[in-house]
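Novice: Shown below is the structure under consideration.
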Amino acid sequence: MQTFMDDDAGYERWLAGHPDLFVVNAERTPRPSYLVLHRATCRTIGGTPARGARWTADYIKVCGSRVDLEAFAREVGGAARACGLCAP
């Protein structure tokens with residue numbers, strides 16, 4: 001599992017190298033109410049950011065296997081909500 005904060009280049013390299021894994025999008029201080037699980041290939045978390053110019057400035061990206069990310073969500077006190085677009 002790897003967390004990216006203020007590191008768009010590292011995050012984008014991770015996405016390119018791990019298309020079969022997953023990403024949780026969370027606030028900089030993760031809260032149970034906002035943990036969104038995506039496939040690494042989801043267009044809403046890669047490519048050109050729809051809002052703003054950076055991926056890892058306002059939000060963090062926690063990346064890894066689904067099992068690891070579900071454990072991360074439990075540690076935060078919640079459960080990751082599946083992205084409605086990529087339906088992981």
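Rule-based calculations on the coordinates, nothing more; no lab input. Model, not experiment: these values are computed from the prediction. Reconstructed Cβ throughout: ideal geometry from the backbone, glycine too, with neighbour counts over all protein chains shown.
Novice: Name, by its number, the condition in (1) touching a helix residue (DSSP H, G or I) at 6+ places or on another chain (Cβ under 6 Å); (2) in contact (Cβ under 8 Å) with a residue 60 or more places away in the chain that does not hold for residue 3.
Specialist: (1)
Novice: Can you spot a residue in the stretch 12-27 that is over 12 Å from the mean Cα position of the chain (by Cα), surrounded by 13 or more Cβ atoms within 10 Å (Cβ to Cβ) and part of a helix (DSSP H, G or I)?
Specialist: The initial filter retains those residues of the stretch 12-27 that are over 12 Å from the mean Cα position of the chain (by Cα), namely 13, 16-20.
Filter once more, keeping what is surrounded by 13 or more Cβ atoms within 10 Å (Cβ to Cβ): 18.
If we keep only those that are part of a helix (DSSP H, G or I) too, we end up with none.
No, the stretch 12-27 contains no residue that is over 12 Å from the mean Cα position of the chain (by Cα), surrounded by 13 or more Cβ atoms within 10 Å (Cβ to Cβ) and part of a helix (DSSP H, G or I).
Novice: Moving on to the next point. Hey, does the stretch 41-50 have a residue that's touching a helix residue (DSSP H, G or I) at 6+ places or on another chain (Cβ under 7 Å) and under 16 Å from residue 15 (Cα atoms)?
Specialist: Taking the stretch 41-50 as the starting set, the residues that turn out to be touching a helix residue (DSSP H, G or I) at 6+ places or on another chain (Cβ under 7 Å) are 46.
Now drop any that are not under 16 Å from residue 15 (Cα atoms), which leaves 46.
The answer is yes, given that some residue of the stretch 41-50 is touching a helix residue (DSSP H, G or I) at 6+ places or on another chain (Cβ under 7 Å) and under 16 Å from residue 15 (Cα atoms).
Novice: Would you pick out the residues in the stretch 46-88 that are without any contact (Cβ under 8 Å) to a residue 60 or more places away in the chain, under 17 Å from residue 1 (Cα atoms) and not in a strand (DSSP E or B)? Outline the logic, then answer.
Specialist: Here is the first cut: in the stretch 46-88, the ones without any contact (Cβ under 8 Å) to a residue 60 or more places away in the chain are 46-61, 66-67, 70-71, 73-87.
Next cut, under 17 Å from residue 1 (Cα atoms) only: 56, 59-61, 66-67, 70-71, 73-76, 79-80.
Correct list: 56, 66, 67, 70, 71, 73, 74, 75, 76, 79, 80.
Novice: So which pairs qualify, if the first residue must be in the stretch 9-26 and free of Cβ contacts under 8 Å to residues at least 12 places away in the same chain and at positive phi, the second must be buried (at least 18 other Cβ atoms within 10 Å of the Cβ) and in a strand (DSSP E or B), the Cβ gap must be under 7 Å, and the two must be at least 6 apart or on different chains?
Specialist: Cβ pairs passing all conditions: none.
Novice: Now a separate question. For the stretch 27-45, name all the residues that are free of Cβ contacts under 8 Å to residues at least 12 places away in the same chain and not polar (S, T, N, Q).
Specialist: 34, the sole residue that qualifies.
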